[in-house]
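The values are calculated or read from the model by the stated rules, or taken from the named source; none is laboratory data. Bear in mind the structure is a predicted one, so any value in this text is a computation, not a measurement. Note that we place each Cβ from the backbone using ideal geometry, even for glycine, and neighbour counts take in every protein chain shown. Quick note on the areas: whole protein, heavy atoms, side chains included, nothing else; ligands and nucleic acids left out. Shrake-Rupley method; radii C 1.70, N 1.55, O 1.52, S 1.80 Å.
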Amino acid sequence: MLKVYSIEECTWCAKVKRYLQQKGVEYLEINVEENEQAFKEMLRISGQQTVPVLEKDGQVVVGFDKKQIDELLQA
C-alpha cells in the first residue's frame with residue numbers, strides 16, 4: 001500500500017494527492033501534523049522533516065517529482 005505523509009495547507013501535498021487520484025492510484029494518507037508518532041515514522045523512513053513523503057514497500061520519494069513517483073508506482 002502506498003502511504004502519503006502530508007499536512008494540511010501544503011500545496012505540494014495537494015499536488016501529489018491530485019496526481020495519484022488522476023492516475024487512479026489508491027493510497028493511505030497520513031497527516032503528520034496531527035499525529036506525532038506518524039511524524040516520527042516519516043522522519044525515520046525519509047530522514048526528512050518536509051512533506052510530502054511517499055513510501056511503498058520500503059522505497060521513499062520526498063516531494064513532488066513525477067518521474068520518481070512513477071518509478072515508485074512501477075515497483
Expected output for the stretch 60-72 (first residue touching a residue at least 40 places away in the same chain (Cβ under 8 Å), partner surrounded by fewer than 17 Cβ atoms within 10 Å (Cβ to Cβ) and of a type outside the set (K, R), Cβ below 6 Å, 6+ apart or cross-chain) is F64/W12; L72/Q59
Within the stretch 38-48, the count of residues that are buried (at least 18 other Cβ atoms within 10 Å of the Cβ) and either modelled with pLDDT under 95 or touching a Lys or Arg at 6+ places or on another chain (Cβ under 6 Å) (or both) comes to 0
Of the residues in the stretch 9-35 that are in contact (Cβ under 8 Å) with a residue 40 or more places away in the chain and farther than 17 Å from L73 by Cβ, the one that is farthest from the chain's Cα centre (by Cα) is C10
Just one listed residue, out of V51, V62, is in contact with a Cys (Cβ under 6 Å, 6 or more places away or on another chain) and either open to solvent by 30 Å² or more (accessible area, probe 1.4 Å) or β-branched (V, I, T) (or both), and it is V51
Given the conditions (1) over 15 Å from L2 (Cβ atoms); (2) assigned to a loop (DSSP other than H, G, I, E, B), every one holds for K40 apart from (2)
Note on the stretch 47-67: residues under 19 Å from E8 (Cα atoms) and small (G, A, S) are G63
Per the filter on the stretch 1-37, residues surrounded by 13 or more Cβ atoms within 10 Å (Cβ to Cβ) and assigned to a strand (DSSP E or B) are L2, K3, V4, Y5, S6, Y27, E29, I30, N31
Looking across the stretch 43-63 at residues that are in a helix (DSSP H, G or I) and among the hydrophobic types (A, V, I, L, M, F, W, C), the single one that is farthest from Q74 (Cα to Cα) is L43
